[in-house]
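Undergrad: One structure, pasted below without further comment.
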Amino acid sequence: MLGQMNEEHTRIDDFDMKILSAMQQDANLSQRDLAEKIGLSQNACWRRLQRLHSIGLIKGAHCDIDLQALGFDLTVFVMIRTRHHSKEWSEGFRAHVEGLPEVIDFYRIGGDWDYLIKVITKGMSGYDAFYQKLITNFDLATVTGFFSMEAIINNRPADLRKLTSKAPGSTRPKPTLTRDRL
């Protein structure tokens, strides 16, 4: 994403990183609270937020919901191996999986498996109903489910400061940190 933007838009400084980190932790922060937390005026904070949205670094705000409280007590990681790798088949399978409401994450992966799907359901019977919908009209070589017993880390915000700093011995470039007039 950042590699596709021009340099004007990729200048991310300490204030931008603070905004991104704070928004990951709590997207419900008022503009006033966010500005106070990162040490900017409300207007400067608002302009930076607008810029971060416009360049696609902030893609919306989300709310964490206790799915177990709603009865979705089973999380399954479904691994899929297929015999088909054509663009047409993949697009059809993608559309099929996107239409299954139990799917909360969906990845095409490398290695021995082709796809990884994270599913939430109401118990084993809910998973079986999902499984039947998943395999309908699709020739899948192997489908297996791994059942989560406990979520140890779930939806943890990325530690942007540590991820973007250059670690000793690392060749990963540090992002351009500048102070612009915002």
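Coordinate-derived values only; no laboratory data. Since this is a predicted model, take the numbers as computed values, not measurements. In this analysis, Cβ positions are derived from the backbone assuming ideal geometry, glycine residues included, and neighbour counts consider all displayed protein chains.
Undergrad: Evaluate the relative contact order of the stretch 2-63 (contact order divided by residue number), counting alpha-carbon pairs under 8 angstrom at least 6 apart; express in whole percent. Intermediate values should be presented prior to the final figure.
TA: On the way: 29 pairs, mean separation 20.1, N = 62.
RCO, the stretch 2-63: 32 percent.
Undergrad: Let me ask something else. Quick one: LYS87, LYS133, fewest Cβ neighbours within 10 Å first, how do they rank? Write out the running numbers ahead of the final one.
TA: Details: LYS87 7, LYS133 15.
Fewest-to-most Cβ neighbours within 10 Å comes out as LYS87, LYS133.
Undergrad: For the chain, what does -39500 (n - 2.57) per DSSP helix run (n ≥ 4), summed and divided by total residues, give at 222 nm, in deg cm²/dmol to the nearest 500? Display every interim value, and only then the final one.
TA: Values: 7 runs with 67 residues, N = 182.
About -10500 deg cm²/dmol.
Undergrad: With a ≥ b ≥ c the root eigenvalues of the C-alpha gyration tensor of the stretch 1-108, is it rounded (a/c under 1.5), prolate (a/b larger than b/c) or oblate?
TA: It comes out oblate by the Cα gyration axes.
Undergrad: Using Cα pairs closer than 8 Å and at least 6 residues apart in sequence, work out the relative contact order for the stretch 68-147, in percent. Mind dumping the intermediate values first?
TA: Working: 115 pairs, mean separation 39.9, N = 80.
In percent, rounded to a whole number, it is 50.
Undergrad: List PHE146, PHE138, PHE15, PHE93 from most exposed to least, where exposure is judged by having the fewest other Cβ atoms within 10 Å.
TA: On the way: PHE146 10, PHE138 15, PHE15 18, PHE93 22.
Lowest to highest Cβ neighbour count: PHE146, PHE138, PHE15, PHE93.
Undergrad: Something else: Note the full-extension length gain between ARG83 and ALA158 as 0.36 nm times their separation in residues minus their Cα-Cα distance, in nm to one decimal.
TA: Values: separation 75, 0.36 × 75 = 27.00 nm, distance 3.49 nm.
23.5 nm is the gain from fully extending ARG83 to ALA158.
Undergrad: Still on this structure, please answer the following. Among the listed pairs LYS37/LYS162; LYS37/LYS118; LYS59/LYS122; LYS37/LYS59; LYS18/LYS162, which have their C-alpha atoms separated by more than 23 angstrom in this model?
TA: On the way: LYS37/LYS162 19 Å; LYS37/LYS118 35 Å; LYS59/LYS122 29 Å; LYS37/LYS59 21 Å; LYS18/LYS162 12 Å.
Result: LYS37/LYS118; LYS59/LYS122 exceed 23 Å.
Undergrad: Please tell me the relative contact order of the chain in percent, rounded to the nearest whole number, where contacts are Cα pairs under 8 Å and at least six residues apart. Don't skip to the answer; put the middle values down first.
TA: Working: 186 pairs, mean separation 54.2, N = 182.
Averaging sequence separation for qualifying contacts and normalising by length gives 30 percent for the chain.
Undergrad: Among CYS63, GLN25, PHE147, flag the residue with its Cα farthest along the positive direction of the charge dipole of the chain, charges on Cβ as +1 for Lys/Arg and -1 for Asp/Glu.
TA: GLN25
Undergrad: What length, rounded to one decimal in nm, is gained on full extension from SER125 through to SER54, with 0.36 nm per residue of separation minus their alpha-carbon distance?
TA: Values: separation 71, 0.36 × 71 = 25.56 nm, distance 4.34 nm.
Going from the current span to full extension adds 21.2 nm.
Undergrad: Find, to one decimal place in angstroms, the Kirkwood hydrodynamic radius of the chain, where the mean of 1/r is taken over every pair of different Cα atoms and then inverted. Don't skip to the end; give the middle numbers.
TA: Values: mean 1/r = 0.0506 Å⁻¹.
Result for the chain stands at 19.8 Å.
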